[in-house]
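Some notes on the structure that comes next.
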Amino acid sequence: MEAKAVAKYVRMSPIKLKPVTDLVRGKDLNEALSILKFTPGKGSQIVEKVVMSAAANAENNFDMNPDNLYVAEIYANQGPTMKRWRAGSRGGASPILKRSSHVGVTLKEKE
């Protein structure tokens with residue numbers, strides 16, 4: 001039995017989110033939440049919300065015990081990129097790439 005949660009189109013680059021996801025992969029739920037709570041940066045807040053959502057899904061939809069849950073899978077993949085332009089040198093244009101991410105978490109119960 002597993003519970004999932006996904007946050008799509010998060011307006012943050014996956015390069016900033018992936019180190020945070022690596023911190024909690026394979027950890028117990030309570031340990032992962034405490035790590036995310038005390039990790040500085042905006043990326044940890046986003047990942048924490050997704051982990052808490054997956055925990056709520058596990059408890060309410062699948063009647064799983066929150067004390068036995070662990071982070072089985074977690075990812076931060078590339079989403080669509082918004083392309084913007086700003087004035088560049090010699091009357092040209094310089095691109096601005098506003099990247100987004102899809103963050104997903106799967107929680108499973110320990111046997």
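Could you please let me know if Ala32 is farther than 12 Å from Ala3 by Cα, of a type in the set (A, V, I, L, M, F, W, C) and in a strand (DSSP E or B)?
The answer is no for Ala32.
Out of Asn60, Asn77, report the one residue that is among the polar types (S, T, N, Q) and in a helix (DSSP H, G or I).
Within the list Asn60, Asn77, the selection yields Asn60.
Quick check on my filter: what residues within segment 1-29 are of a type outside the set (S, T, N, Q), part of a helix (DSSP H, G or I) and more than 25 Å from Ile96 (Cα to Cα)?
Asp22, Leu23, Val24, Leu29
Go through (1) closer than 23 Å to Leu17 by Cα; (2) in a strand (DSSP E or B) one by one and return the number of the condition Ser94 breaks.
Condition not satisfied by Ser94: (1).
For segment 41-58, which positions are modelled with pLDDT of 95 or more, of a type outside the set (Lys, Arg) and surrounded by fewer than 18 Cβ atoms within 10 Å (Cβ to Cβ)?
Scanning segment 41-58 gives Gln45, Met52, Ser53, Ala56, Asn57.
The values are calculated or read from the model by the stated rules, or taken from the named source; none is laboratory data. Keep in mind the model is a prediction, meaning the values are calculated, not measured. Here the Cβ is made from the backbone with ideal geometry for all residues, glycine too, and neighbour counts use every protein chain on show.
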